[in-house]
Amino acid sequence: MNKQSAENFAISRAALRASRFGGMLSRYPRALGWVRRLMLPLAIQDENSFNKHFRFFILLAGCAMSDPKDLRALGILSRDLNAYMENVMDEASGKPMVWSEWNLSNEILRAFDVRQYVPETFAIVSQMAGSDAAVEMIERAEEEGMAPEHCSAAKTAVGALLANEAPMPDVIISSSHPCDSVASSYQTLQYMTKAPMFVLDTPYWDDEKSFKHYENNLWDLIAFLEKHLDQKLDWDKLREICKNVNQTNHYLQELSEMSRAVPSPTSVEPLLLSWLGRMAAFGSPNGMEFAELVHANARERLRKKRSFIDNEKIRMIWYDVPLVFAPLFPWLEKKFGAVVVSDFMGRIQTVPIDTSSPETMVRDLAKTHLYCTMVRHTRGPAEFYLEEFKKIIDEYSGDCFIFMGHQGCKGGWALRKMFRDVCREAGLPSLFVSSDIFDKRHVTEEEVKRQFEDFFRSNGLA
């Protein structure tokens with residue numbers, strides 16, 4: 001199945017061309033700022049045949065990245081994304097291809113001489129070629145029998161394999177989190193590719209016994225990779241990667257904290273972009289430089305008591321993932337002065353990695369993996385969500401709570417009543433939107449925007 005040929009990666013190549021063009025413009029941040037200013041009114045409009053090839057790039061950054069200094073940082077991060085896509089398509093390199101689930105941190109994998117592919121990233125990459133590309137992959141998977149109720153990220157992973165948009169793996173790494181949808185989709189992918197697969201067993205609780213269990217899992221993963229890749233892990237390389245991870249997390253965690261200021265000198269958008277970069281190459285020098293630069297720019301605005309937009313009016317706390325097929329942040333910022341000051345995806349909560357020995361690195365990598373975005377919430381009881389949510393309400397001066405409910409996140413929807421109760425107790429207006437972050441057929445961009453407008457006006461926020 002999935003015969004490799006010169007026809008492979010048609011959508012990926014179109015996305016790479018768009019990403020390279022954006023990266024090239026980012027070398028001239030002032031010029032890019034003017035281009036972005038001119039193109040933003042066209043991008044904020046609903047997707048059409050004219051704007052679909054540049055819309056995602058313009059909207060992805062949002063107003064949070066409109067300062068030329070931040071646009072330069074975006075160009076730095078784009079180097080990793082471009083290199084990632086080039087590597088995925090470089091079938092002539094001879095390096096083993098390893099697939100890795102998107103809720104895993106890949107520091108260990110990057111200490112091997114391999115090509116890396118995160119199957120779910122295709123749901124994001126395909127948006128650069130227009131949202132129809134993601135829908136095409138979802139339809140491919142559903143036509144072959146994947147249930148409509150599955151997460152659309154999982155369906156794009158399967159659809160990309162069926163459409164010759166994915167490289168064939170030599171090894172697959174998955175885990176028991178974050179949800180049944182992802183876990184079952186990797187069983188499907190392993191069945192389709194016949195590649196050997198290692199599944200990390202994620203513990204339920206936050207205690208030393210759980211951390212030790214996951215640490216042992218990582219040692220087993222290293223042994224599995226060394227056997228199937230016929231390579232030894234490069235501990236010196238892993239040490240450098242972990243040092244970069246520590247520094248990157250330091251900047252991003254401080255960036256998260258700066259959003260507590262009123263007005264906010266930053267939003268979650270740089271954090272979400274960094275999360276995208278983490279899937280491609282977390283611990284890279286580029287990612288660290290990006291984090292350092294956006295941190296410095298936000299810190300300067302904080303010193304001057306300036307917001308990153310002209311007129312901050314509404315401070316939103318956001319749960320779950322952003323809407324990817326139509327990034328809403330620029331529209332919300334422009335139309336309502338509404339900014340996201342905290343969310344569950346971009347927020348960094350982790351521990352530093354002790355790089356003094358292989359044993360300490362693996363021990364602390366186990367903890368950082370379990371505290372990663374989404375992982376720290378979905379692997380345990382509802383309290384893992386609710387305790388962090390209450391802390392955010394106490395600290396971030398939010399005016400409202402936005403629940404962007406992805407139809408594939410059944411666990412998230414199961415928490416809806418609990419979130420609503422917490423909001424009611426705190427006197428925080430809440431909006432619950434049923435959507436699919438990648439599949440525009442579930443609910444239209446126009447309908448989502450209408451719900452925001454009605455919500456803001458009915459609660460006296462606009």
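The values are calculated or read from the model by the stated rules, or taken from the named source; none is laboratory data. In this text, all values refer to a predicted model and were calculated from it rather than measured experimentally. Neighbour counts are summed over all protein chains in view; Cβ atoms, including those assigned to glycine, are modelled from backbone coordinates with ideal geometry. Just the protein is used for accessible areas: all its heavy atoms, side chains included, with ligands, DNA and RNA removed. Shrake-Rupley method; radii C 1.70, N 1.55, O 1.52, S 1.80 Å.
General remarks:
- Residue selected from region 163-196 under the condition among the small types (Gly, Ala, Ser) and part of a loop (DSSP other than H, G, I, E, B), by the criterion modelled with the lowest pLDDT: Ser176
- Qualifying residue in region 126-136 (condition: at pLDDT 90 or above, outside any loop (DSSP other than H, G, I, E, B) and open to solvent by 20 Å² or more (accessible area, probe 1.4 Å)): yes
- If you go through region 12-34 and keep only what is over 16 Å from Ser126 (Cα atoms) and buried (at least 16 other Cβ atoms within 10 Å of the Cβ), you end up with Gly23, Leu25, Ser26, Pro29, Leu32, Gly33.
- Test for Leu233: is it in contact (Cβ under 8 Å) with a residue 60 or more places away in the chain, within 25 Å of the chain's Cα centre (by Cα) and either on the phi < 0 side of the Ramachandran plot or assigned to a helix (DSSP H, G or I) (or both): no
- Checked against the criterion of being under 21 Å from the mean Cα position of the chain (by Cα), acidic (Asp, Glu) and modelled with pLDDT under 95, region 197-211 contains not a single residue that satisfies it.
- Condition met for Glu86 (surrounded by fewer than 21 Cβ atoms within 10 Å (Cβ to Cβ), in contact (Cβ under 8 Å) with a residue 24 or more places away in the chain and charged (D, E, K, R)): yes
- Counting only helices (runs of 4 or more DSSP H) that fall entirely inside region 302-408 and contain at least 2 residues that are at pLDDT 95 or above and open to solvent by 10 Å² or more (accessible area, probe 1.4 Å), the qualifying elements are 358-370, 383-395.
- Filter pass, Leu428 being outside any helix (DSSP H, G or I) and out of contact with any Lys or Arg (no Cβ under 7 Å at 6 or more places or on another chain): yes
- Of note, Lys209 does not satisfy the criterion of being assigned to a helix (DSSP H, G or I), open to solvent by 20 Å² or more (accessible area, probe 1.4 Å), touching a residue at least 60 places away in the same chain (Cβ under 8 Å) and on the phi < 0 side of the Ramachandran plot.
- Count of region 243-255 residues, restricted to those that are open to solvent by less than 10 Å² (accessible area, probe 1.4 Å) and either part of a loop (DSSP other than H, G, I, E, B) or in contact with a Gly (Cβ under 7 Å, 6 or more places away or on another chain) (or both), is 2.
- Glu149 acidic (Asp, Glu) and either surrounded by fewer than 21 Cβ atoms within 10 Å (Cβ to Cβ) or in contact with a Lys or Arg (Cβ under 6 Å, 6 or more places away or on another chain) (or both): yes
- Considering Phe57, Phe21, the condition of being part of a helix (DSSP H, G or I) and in contact with a helix residue (DSSP H, G or I) (Cβ under 6 Å, 6 or more places away or on another chain) is satisfied by Phe57 alone.
- Flag for Lys95 being among the basic types (Lys, Arg), modelled with pLDDT of 90 or more and open to solvent by 10 Å² or more (accessible area, probe 1.4 Å): yes
- Among the criteria (1) within 21 Å of Arg303 (Cβ to Cβ); (2) surrounded by 17 or more Cβ atoms within 10 Å (Cβ to Cβ); (3) under 23 Å from the mean Cα position of the chain (by Cα), the one Pro263 does not fulfil is (3).
- Positions within region 256-271 being touching a residue at least 60 places away in the same chain (Cβ under 8 Å), over 20 Å from Gly287 (Cβ atoms) and of a type in the set (A, V, I, L, M, F, W, C), in sequence order: Val262
- Top-ranked residue in region 282-296 [being part of a helix (DSSP H, G or I) and open to solvent by 20 Å² or more (accessible area, probe 1.4 Å); ranked as nearest to Gly130 (Cα to Cα)]: Asn286
- Only a single criterion out of (1) outside any helix (DSSP H, G or I); (2) among the hydrophobic types (A, V, I, L, M, F, W, C); (3) over 26 Å from the mean Cα position of the chain (by Cα) is not satisfied by Phe438, namely (3).
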